[in-house]
Amino acid sequence: MRQTQDTRWYAVRAPERPWYAARTPERDEWWCLAPTAATALALLCAFLRLRGAELPFFWIALTYTPGFLLVAGSWFTPRTREARGVRVSLAAVGCVLTWLTVKAFTAALYVVAVLAWLSQGDG
């Protein structure tokens, strides 16, 4: 008996995907690792900087806002492997901004105060 079609399992071709079908991105199983660590680290940085700050609470909260917004943005990026770099970068930059902004803002206020004092003169 003659066989007209090869029916072995390795000879079966996979169904071809139509040209219009979009490839689904690969889901990242550990997507929450960077945002979780960054949230804890940003809160720790804020607490450590808050202890020695000479500014009122409103100005301190205002300076922490950009860092916390970047950390919050790392929670809302797509949960795919392609977006992992964006997620980690947002989290890291948010932590660095949380650590540095209070001191930088205080230094900028000192410069403005000295310039205002110099422009007034002694009279």
Give region 108-123 a look and list any residue that's open to solvent by 50 Å² or more (accessible area, probe 1.4 Å) and outside any helix (DSSP H, G or I), or say none. Asp122, Gly123
All positions within region 74-107 that are small (Gly, Ala, Ser), modelled with pLDDT of 90 or more, surrounded by fewer than 17 Cβ atoms within 10 Å (Cβ to Cβ) and not in a loop (DSSP other than H, G, I, E, B): Gly85, Ser89
Name the pairs: first residue in region 91-106 and among the basic types (Lys, Arg), second residue open to solvent by 30 Å² or more (accessible area, probe 1.4 Å) and in a helix (DSSP H, G or I), Cβ to Cβ under 8 Å, at least 6 apart or on different chains? Lys103/Arg49
Odd one out for Leu62 among (1) aliphatic (A, V, I, L, M); (2) open to solvent by 80 Å² or more (accessible area, probe 1.4 Å); (3) within 30 Å of Glu29 (Cβ to Cβ): (3)
Would you check if Pro66 is farther than 26 Å from Ala107 by Cβ, part of a helix (DSSP H, G or I) and out of contact with any Cys (no Cβ under 6 Å at 6 or more places or on another chain)? no
Any hit, region 33-45, residues being open to solvent by 50 Å² or more (accessible area, probe 1.4 Å) and at pLDDT below 90: no
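The values are calculated or read from the model by the stated rules, or taken from the named source; none is laboratory data. Note that this is a predicted model, so its numbers are computed, not measured. All Cβ positions, glycine included, derive from the backbone under ideal geometry; neighbour counts span all protein chains shown. We work out accessible area using only protein heavy atoms, side chains counted, and drop any ligands, DNA or RNA first. Shrake-Rupley method; radii C 1.70, N 1.55, O 1.52, S 1.80 Å.
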